[in-house]
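The values are calculated or read from the model by the stated rules, or taken from the named source; none is laboratory data. Please read these numbers as outputs of a predicted model, since none were measured by experiment. Positions of Cβ are generated from backbone atoms using ideal geometry, with glycine treated the same way; all protein chains shown enter the neighbour counts. In case anyone asks, the SASA skips ligands and DNA or RNA and just uses the protein heavy atoms, side chains included. Shrake-Rupley method; radii C 1.70, N 1.55, O 1.52, S 1.80 Å.
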2 protein chains.
Amino acid sequence: MQQADVQWSDEEKQIAKAALRRAYEQEVEALIDSIRNNASKISRLEEVWQLHDFLSAKRHAIDGRYDERDDFLMFTLSSLIKDGLLTKADLTGLTAGTQAKINLLARM
Amino acid sequence: MQQADVQWSDEEKQIAKAALRRAYEQEVEALIDSIRNNASKISRLEEVWQLHDFLSAKRHAIDGRYDERDDFLMFTLSSLIKDGLLTKADLTGLTAGTQAKINLLARM
């Protein structure tokens, strides 16, 4: 499926980017909560390196996850749904056709 | 300076390895305290990645710092002194010649 298949109106782009930023803020907030909770329980070096591994994976994921360039919006939204960071309800306001394509991509 | 220049008695090896392990335990304890204190104050993603960078550097340093193989003892001790993780007083019990060589290496 090519991105060119989907025509986004300006309003749809705004809706998509608002959903994307909401997911971003929620993921960051959850990450910070998780670090604060887990770090307070660390008592062994092994647990320090587990935290380091967790942060390495999170950094890689977050760096790649929130591409809001127009050409990538559909893929960004579908991967956020796939990863449980957005739900179908967050797509409300997009055309039925765009929603269907995003949901299809999210199941791949 | 070649490691072969220094002859370690069994007693000296024990003293050296005990100092090394003491430094290791102190560094690990200080690291855990630092994480617990700093993580509780994190409120922005930038600070999460600062913690990640800090852990990456610490992991690299700690992985390389505590080599207790006989052939590396002099270099391990001198780098611990150089990095402030041991003091000259921790070398008490080693021969004067060995202490002098370790201190010389630590200033390089």
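Values computed for the structure shown
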read-out	value
Total residues in the range A:80-95, condition open to solvent by 80 Å² or more (accessible area, probe 1.4 Å) and in a helix (DSSP H, G or I)	2
Per-region count, the range B:4-58, residues aromatic (Phe, Trp, Tyr) and modelled with pLDDT under 95	1
Of all residues making up the range A:11-31, the number that are small (Gly, Ala, Ser) and more than 14 Å from chain B (Cβ to nearest Cβ)	3
Given (1) part of a helix (DSSP H, G or I); (2) among the charged types (D, E, K, R); (3) under 14 Å from the mean Cα position of the chain (by Cα), index of the condition A:Lys101 fails	(3)
Selected residue (only one of B:Ser56, B:Ser40 is surrounded by 12 or more Cβ atoms within 10 Å (Cβ to Cβ), small (Gly, Ala, Ser) and in contact with a His (Cβ under 8 Å, 6 or more places away or on another chain))	B:Ser56
Filter result for A:Leu73 (open to solvent by less than 30 Å² (accessible area, probe 1.4 Å) and modelled with pLDDT under 95)	yes
Tabulated pairs, the range B:5-32, first open to solvent by 100 Å² or more (accessible area, probe 1.4 Å), second among the β-branched types (Val, Ile, Thr) and at pLDDT below 95, C-beta under 9 angstrom, 6+ apart or interchain	B:Gln7/B:Thr95; B:Gln7/B:Thr98
The listed residue being among the basic types (Lys, Arg) and closer than 28 Å to B:Leu51 by Cβ, out of A:Arg69, A:Arg44	A:Arg44
Filter pass, A:Thr98 being modelled with pLDDT of 95 or more and over 29 Å from B:Phe54 (Cα atoms)	no
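Yes/no per residue for (1) within 30 Å of A:Glu25 (Cβ to Cβ); (2) at the interface with chain A (Cβ under 8 Å from one of its Cβ atoms); (3) outside any helix (DSSP H, G or I):
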site: B:Ser43; (1), (2), (3): yes, yes, yes
site: B:Val48; (1), (2), (3): yes, yes, no
site: B:Phe54; (1), (2), (3): yes, no, no
site: B:Ala61; (1), (2), (3): no, no, no
site: B:Glu68; (1), (2), (3): no, no, yes
site: B:Phe75; (1), (2), (3): no, no, no
site: B:Ser78; (1), (2), (3): no, no, no
